[in-house]
Amino acid sequence: MTPSPSTPPVRVLLIEDNPGDAGLIRAYLAGPEGAGFALERVDRLGAGLERLARGDLDLVLLDLSLPDSPTEETFARVRAAAPEVAVIVMSGLDDEGRAVQTVQEGAQDYLVKSEVDTRLLVRSMRYAMERKRVAEALAQERELFHLLMDNIPERIFFKDAESRFTRVNRSLAGHFRAGHPRELVGRRDADYFSAEHAEAARRDEEEGMRTGMPGL
């Protein structure tokens, strides 16, 4: 789908030292399918980090094997320099282990260069932008939730299946005279109350899980 003339292009930085591979990427984006992308290219990680520091980028196409960076460090350095920018890793190696690791560390995709064509590249770039947008929206929602949770007077907590606190708000932490809510994480009611009281609380929790109704 070709973007409307009023839609600003997605600003893409290609960090690739191989002129042949860089030329292929440019060729893939030269047709109508690539009309929504504005591509810049640098051939060293150092130059890429300098460009990222200036901002105004939406997406990075990153070759992991660059002359001025160890392969295992390249993505982490880009991620640290611009955590708000979506990154697609492009590698000459079909390495499933590295692909999984890189995505777990925050990359939006991992593409094997020999398998890339126009359709795959453009689709991956558009999906990467959408995944990044969704991730940022979820992060904002979590931040808002935590802010609200820590600033309401009611005592709020979450527990795991073993009745251990996994998160509490400041009101409950204050009730237990804890200096910080994280001090309660991993603890149980039995750490603060008598065995009888803790067992009663445990029964209330089990009944709440069974019925879907909060305990009294």
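Candidates in the range 99-122 are the residues that are open to solvent by 20 Å² or more (accessible area, probe 1.4 Å) and over 18 Å from the mean Cα position of the chain (by Cα); of these, the one that is nearest to G48 (Cα to Cα) is K113. Scanning the range 57-81 for residues that are crowded, with 16+ Cβ neighbours inside 10 Å, within 27 Å of P8 (Cβ to Cβ) and among the aliphatic types (A, V, I, L, M) turns up L57, L59, V60, L61, L62, V78, A81. Residues that are in contact with an Asp or Glu (Cβ under 9 Å, 6 or more places away or on another chain) and not acidic (D, E) were ranked within the range 82-93; the one that is most open to solvent (accessible area, probe 1.4 Å) is G92.
Screening the candidates R51, R77, R44 for the property of being in contact with a Pro (Cβ under 8 Å, 6 or more places away or on another chain) and among the basic types (K, R) yields one hit, R44. Scanning the range 54-80 for residues that are aliphatic (A, V, I, L, M) and in contact with a Leu (Cβ under 7 Å, 6 or more places away or on another chain) yields L57, V60, L61, L66, V78. The set of residues in the range 162-185 that are under 14 Å from I152 (Cα atoms), loosely packed, with under 15 Cβ neighbours inside 10 Å and among the small types (G, A, S) contains only G174. In the range 164-205, the residue that is farthest from the chain's Cα centre (by Cα) out of those that are in a loop (DSSP other than H, G, I, E, B) and of a type in the set (G, A, S) is S194. Open to solvent by 70 Å² or more (accessible area, probe 1.4 Å) and either in contact with a Ser or Thr (Cβ under 8 Å, 6 or more places away or on another chain) or under 28 Å from G34 (Cα atoms) (or both) - does that describe any residue in the range 191-207? No. The criterion of being open to solvent by 20 Å² or more (accessible area, probe 1.4 Å), closer than 23 Å to G23 by Cα and free of Cβ contacts under 8 Å to residues at least 60 places away in the same chain does not hold for E96.
Listed here are the residues, each with its yes/no results for (1) touching a residue at least 40 places away in the same chain (Cβ under 8 Å); (2) outside any loop (DSSP other than H, G, I, E, B); (3) over 24 Å from L93 (Cα atoms).
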| position | (1), (2), (3) |
| --- | --- |
| L111 | no, yes, no |
| R133 | no, yes, yes |
| E141 | no, yes, yes |
| F158 | no, yes, yes |
| E162 | no, no, yes |
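Only one entry in L45, L24, L52, L29 is within 21 Å of the chain's Cα centre (by Cα), over 20 Å from V134 (Cβ atoms) and not β-branched (V, I, T), namely L52.
Figure legend. Inter-residue proximity from the range 181-196: first residues among the small types (G, A, S), second residues in a loop (DSSP other than H, G, I, E, B), beta-carbon distance below 9 Å, spacing 6+ or different chains. Indicated pairs: G186/R164; A190/S163. Among residues belonging to the range 27-52 that are open to solvent by 70 Å² or more (accessible area, probe 1.4 Å) and modelled with pLDDT under 95, point out the one that is farthest from T71 (Cα to Cα). Among those residues, the one meeting the criterion is P32.
The values are calculated or read from the model by the stated rules, or taken from the named source; none is laboratory data. On a predicted model such as this, the values are computed, not experimentally measured, just so you know. For neighbour counting, all protein chains shown are included, and Cβ atoms are generated from backbone atoms with ideal geometry for every residue, glycine included. Areas reflect the complete protein model, heavy atoms only, side chains present, ligands, DNA and RNA absent. Shrake-Rupley method; radii C 1.70, N 1.55, O 1.52, S 1.80 Å.
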